[in-house]
Amino acid sequence: MVDLQLPHIAILAGAAFVAGAVNAVAGGGSLISFPALLAVGYPALEANVTNTVALCPGYFGGTLGYRRELAGQRARVRALGAISTVGAVLGAILLVVSSATLFEMIVPFLIFLACGLLAMQPRLARLVHHGQEQHGGGSRPVALYASQFLAAAYGAYFGAGVGIMMLAILGIFLRDSLQRLNALKGLLSLLVNVVAAAWFALFANVAWLAVAVMALASLAGGQAGVALARRLNDRVLRGMVIVFGVVVGLRLLHW
């Protein structure tokens, strides 16, 4: 058990605030909060599950801040939420019963792929929607749901950069502004984290003292992140997400 001292508390609270803000703007906040947990002495697996639980309020704060952009997306939330729940359960089970070593090796490349998809998102979206109009649209929901299922499983299993992946997926398959899709991404990320956190609370070793320190800070950070994201147009927001995603991927390569 880690004996948290005042400097440790300050490190965890600061990291959680920044992670909550980054998750609201782009995704990848775990790259900030997870190393902070390692730095104060928590083992990797305990740090990973604790991080998932601790950042749930940050996603909640982001969702609260994005209430206006979520209006009119109830049908999407229901369908993608159900898919995300199943994927999150699978990812949480895999984390508890298996080693994360191999998966962590491919995580940076998954993030680079997501950044590439997001960079090409306008063109890919046009191609997908053109094919939808030409062929009656049967394949688009299947591809969207399959992609979201895999992203949700990854999000529960490890999670760094999952917001970038989700935003790329939603941007390709759904016609909407990036701000509204970012709001949807945040809500789905919240759902994935809550499902994973519930599983970890039952079956994994969660450092609850660290969660108590980080939870309120991540909540405040999530709301602050939305305030920043709202000031950005789609092109700037997309660029920021891509740049941060590349940084996340490069950092993970050196973990």
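The values are calculated or read from the model by the stated rules, or taken from the named source; none is laboratory data. Everything quoted here is computed from the prediction, not taken from an experiment. Here the Cβ positions follow ideal geometry from the backbone for every residue, glycine too, while neighbour counts run over all protein chains shown. Accessible surface areas use protein heavy atoms only, side chains included; no ligands, DNA or RNA. Shrake-Rupley method; radii C 1.70, N 1.55, O 1.52, S 1.80 Å.
Taken over region 105-118, residues that are open to solvent by 80 Å² or more (accessible area, probe 1.4 Å) and under 23 Å from residue 185 (Cβ atoms) amount to 2. If I filter region 193-207 for residues that are free of Cβ contacts under 8 Å to residues at least 40 places away in the same chain and under 17 Å from the mean Cα position of the chain (by Cα), do I get at least one hit? There is at least one residue in region 193-207 that is free of Cβ contacts under 8 Å to residues at least 40 places away in the same chain and under 17 Å from the mean Cα position of the chain (by Cα). Evaluating residue 97 against the criteria (1) within 26 Å of residue 227 (Cα to Cα); (2) at pLDDT 85 or above leaves one unmet condition, (1).
Within region 9-38, track down each residue that is farther than 18 Å from residue 186 by Cα and open to solvent by less than 50 Å² (accessible area, probe 1.4 Å). I'd like the intermediate steps shown before the answer.
First, pick out the residues of region 9-38 that are farther than 18 Å from residue 186 by Cα: 9-15, 34-38.
Of everything in region 9-38, those that are farther than 18 Å from residue 186 by Cα and open to solvent by less than 50 Å² (accessible area, probe 1.4 Å) turn out to be 12, 13, 14, 15, 34, 35, 36, 37.
Reported count of residues in region 65-98, each being over 18 Å from the mean Cα position of the chain (by Cα), part of a helix (DSSP H, G or I) and polar (S, T, N, Q), is 0.
Residue-wise test of (1) in contact (Cβ under 8 Å) with a residue 40 or more places away in the chain; (2) under 22 Å from residue 249 (Cα atoms); (3) not in a helix (DSSP H, G or I).
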{"residue": "2", "(1), (2), (3)": "yes, no, yes"}
{"residue": "19", "(1), (2), (3)": "yes, yes, no"}
{"residue": "23", "(1), (2), (3)": "yes, yes, no"}
{"residue": "32", "(1), (2), (3)": "no, yes, no"}
{"residue": "41", "(1), (2), (3)": "no, no, yes"}
{"residue": "52", "(1), (2), (3)": "yes, yes, no"}
{"residue": "57", "(1), (2), (3)": "yes, no, no"}
{"residue": "63", "(1), (2), (3)": "yes, no, no"}
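Residues of region 210-222 that are crowded, with 16+ Cβ neighbours inside 10 Å and either in contact with a strand residue (DSSP E or B) (Cβ under 7 Å, 6 or more places away or on another chain) or among the hydrophobic types (A, V, I, L, M, F, W, C) (or both): 210, 211, 213, 214, 215, 216, 217, 219, 220.
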